[in-house]
1. For a quick check: sort His81, His68 by the number of other beta carbons within 10 angstrom, fewest at the front.
2. Let me know the Kirkwood hydrodynamic radius for the stretch 49-193, please, with Cα pairs as the basis and the value in Å to one decimal.
3. Counting every Cα pair in the stretch 129-206, what percent are over 16 Å apart?
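FYI, it's all coordinate maths here, none of it is from the lab. Computed from a prediction, not measured in an experiment: that's the story for all the values here. Here the Cβ is made from the backbone with ideal geometry for all residues, glycine too, and neighbour counts use every protein chain on show.
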Amino acid sequence: MKLRRAAGLLRHLTISAFILLVLTGCENRQDMTGQTPESQASKVDTTGHQDWETIVEVLLHPRCLNCHQMEMPLIKQGSPHVPRVERGPDNMGLGTMRCSNCHSNQNNAVTGAPGAPGWAMAPIALNWSQKSSAQICQLLTTPQDNGGRSPAQLMQFMSENPLALWGWNPGGNREPVNIPHDKLVTALQGWVAAGTPCPPGTPPSQ
Ligand code: HEC
Ligand code: HEC
């Protein structure tokens, strides 16, 4: 009887020791990487490349692209602007066809004309309508080509300027930019913090 109890106790102790061994083993593994497998899987990409993908998706959205054209703005998902209007020397229209004739500081539900303070075509230097992601990145990170704009200025414009913010409140039945604005701001911060990296294949800037 005594012997059986002693054997039972021993088995119990062996199992406990085994469990303890397994547990400390797990803990050691955790300590070595400093992370559990789950937190590794959800690790944030700090290279800035994923952030750029988010940013360029916004830049190429029709709400942004329609003003960032060569000579004429576009409407809706990229159709010609009717009536025909042109950039003109100050980006605000040609002759009597001034943007401000129809566009004001806010969307006009009666005429259907969208609006925001400073409504004008984007400068020619910021026409990225025919460019690839790599080329747009190159343009935005090269002040000699983009009209002397620094990454900090680009970030500020997209975070705060009413022309950019209009993209999330475009009026009528226009589709707003599909990326949430706060997600864009976070991506901009990550991209700038990572040193504004461009996608592979970007020619080196001179
Ligand atoms: C109504 C026309 C219009 C729309 C719509 C528009 N832009 Fe622009 N954008 C401009 C103009 C004009 C400028 C030049 C502003 C300046 O130099 O002060 C500009 C400048 C910029 C710049 C350079 C900012 C700087 O000076 O550093 C960026 C980046 C930009 N736009 C992004 C966007 C994004 C992103 C959207 C959409 C969410 C957008 N734009 C929508 C007209 C527009
Ligand atoms: C004669 C009036 C008139 C003038 C002048 C005019 N627009 Fe428009 N614009 C409109 C109207 C109306 C709409 C709405 C069209 C629609 O969505 O069906 C519009 C739409 C737009 C849009 C489309 C926005 C979007 O994403 O759908 C842009 C961009 C635009 N105008 C830029 C300009 C610029 C830049 C100028 C000056 C160079 C200008 N417009 C001059 C009347 C005008």
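1. Least to most surrounded, the residues fall as His81, His68.
2. Value: 15.7 Å, from the Cα pair sum.
3. Details: 1755 of 3003 pairs.
That tail contains 58 percent of the Cα-Cα pairs.
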